[in-house]
Amino acid sequence: MALTRQLLKDLQLNDESIEQIIAAHISTVDALKAERDAAFAELQALRESSGQSAAEVQAAFDAYRTQVEAHHNTAKALELVRLAMLQAGCNEKAIDLLIQAIDPATLKVEGGSLKNEAAIIAELRSKYAAFFAQPVRMATPTIQPPIPTGGALTREDISRMSADEINRNWNAVKSVLAKGAI
């Protein structure tokens with residue numbers, strides 16, 4: 001229900017009272033409109049400043065995320081280099097020192113493996129060969145067959161036998177045990 005002059009006349013108010021009520025109503029409505037307009041202007045200002053600060057926060061977050069991803073990728077690449085160096089025979093205690101000689105920009109990881117692994121290892125091996133194991137070929141020791149004793153077992157023969165061999169040759173072992181040769 002709206003406050004009108006007709007409504008106030010229907011309430012049997014005199015013209016002077018009606019004018020006072022209408023004037024008070026208009027000033028109240030005008031004050032409310034001014035308060036609404038001020039709140040709306042403040043809201044617009046907040047929207048603009050929050051939009052600007054949200055964009056700044058998003059930009060800072062994106063920069064941080066890029067930095068963390070780059071650090072993670074570098075760490076993954078260095079771990080792959082470490083494994084490649086171990087497989088190439090690098091001294092474990094020298095790996096941390098040699099990794100510092102690698103330019104991180106040359107490390108490229110694709111599909112979980114180091115893209116230029118062979119080139120990196122070859123470069124390290126050429127510059128720092130002393131830190132990589134050199135293959136040493138050792139002669140295989142010759143196996144001495146048991147000395148034949150004309151079918152009789154000796155103490156040395158029995159000590160070199162496995163349990164299966166002792167079981168297969170039990171009669172011969174038993175005869176040596178009976179003679180007290182052991």
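Summed over the range 117-148, the residues that are touching a residue at least 24 places away in the same chain (Cβ under 8 Å) and not in a loop (DSSP other than H, G, I, E, B) give a count of 8. Can we say L153 is open to solvent by 70 Å² or more (accessible area, probe 1.4 Å), hydrophobic (A, V, I, L, M, F, W, C) and either modelled with pLDDT of 80 or more or more than 23 Å from K93 (Cβ to Cβ) (or both)? Judged against the criteria, L153 is not a match. Would you be able to say whether some residue in the range 20-40 is acidic (D, E) and at pLDDT below 90? No, the range 20-40 contains no residue that is acidic (D, E) and at pLDDT below 90.
There is at least one residue in the range 90-113 that is among the hydrophobic types (A, V, I, L, M, F, W, C), at pLDDT below 85, more than 30 Å from V176 (Cβ to Cβ) and touching a helix residue (DSSP H, G or I) at 6+ places or on another chain (Cβ under 6 Å).
Find the residue count for the range 156-180, including only residues that are surrounded by 15 or more Cβ atoms within 10 Å (Cβ to Cβ) and more than 60 Å from the chain's Cα centre (by Cα). Before you say what the answer is, go through the steps one by one.
In the first step, residues of the range 156-180 are kept if they are surrounded by 15 or more Cβ atoms within 10 Å (Cβ to Cβ); the result is 157-158, 161, 169, 172-173, 176.
Okay, now just the ones that are also more than 60 Å from the chain's Cα centre (by Cα), so 169, 172-173, 176.
Number of matching residues: 4.
Check F61, F40 and return the single one that is closer than 30 Å to L114 by Cα and open to solvent by 70 Å² or more (accessible area, probe 1.4 Å). Can you show your working first?
Numbers: F40 fails: closer than 30 Å to L114 by Cα.
None of the other options fit; the residue is F61.
Among the listed residues A75, A101, A84, identify the single one that is over 15 Å from A118 (Cα atoms) and either out of contact with any Lys or Arg (no Cβ under 9 Å at 6 or more places or on another chain) or surrounded by 14 or more Cβ atoms within 10 Å (Cβ to Cβ) (or both). Talk me through it step by step, then tell me what you get.
Working: A101 fails: either out of contact with any Lys or Arg (no Cβ under 9 Å at 6 or more places or on another chain) or surrounded by 14 or more Cβ atoms within 10 Å (Cβ to Cβ) (or both); A84 fails: over 15 Å from A118 (Cα atoms).
Result: A75 is the single residue among A75, A101, A84 that is over 15 Å from A118 (Cα atoms) and either out of contact with any Lys or Arg (no Cβ under 9 Å at 6 or more places or on another chain) or surrounded by 14 or more Cβ atoms within 10 Å (Cβ to Cβ) (or both).
Take A24 and decide whether it is surrounded by 10 or more Cβ atoms within 10 Å (Cβ to Cβ) and touching a Leu at 6+ places or on another chain (Cβ under 8 Å). Judged against the criteria, A24 is not a match.
Given the condition among the aliphatic types (A, V, I, L, M) and more than 30 Å from L97 (Cα to Cα), answer yes or no: does some residue in the range 64-87 qualify? No.
Return the only residue of T142, T74 being among the polar types (S, T, N, Q) and within 26 Å of the chain's Cα centre (by Cα). If you could, list the steps in order and put the result at the bottom.
Values: T142 fails: within 26 Å of the chain's Cα centre (by Cα).
Checking each option against the conditions leaves just T74.
The values are calculated or read from the model by the stated rules, or taken from the named source; none is laboratory data. Given the structure is predicted, the values throughout are model-derived calculations rather than measurements. Reconstructed Cβ throughout: ideal geometry from the backbone, glycine too, with neighbour counts over all protein chains shown. Accessible surface is based on the protein model in full, side chains and every heavy atom, while ligands, DNA and RNA are left aside. Shrake-Rupley method; radii C 1.70, N 1.55, O 1.52, S 1.80 Å.
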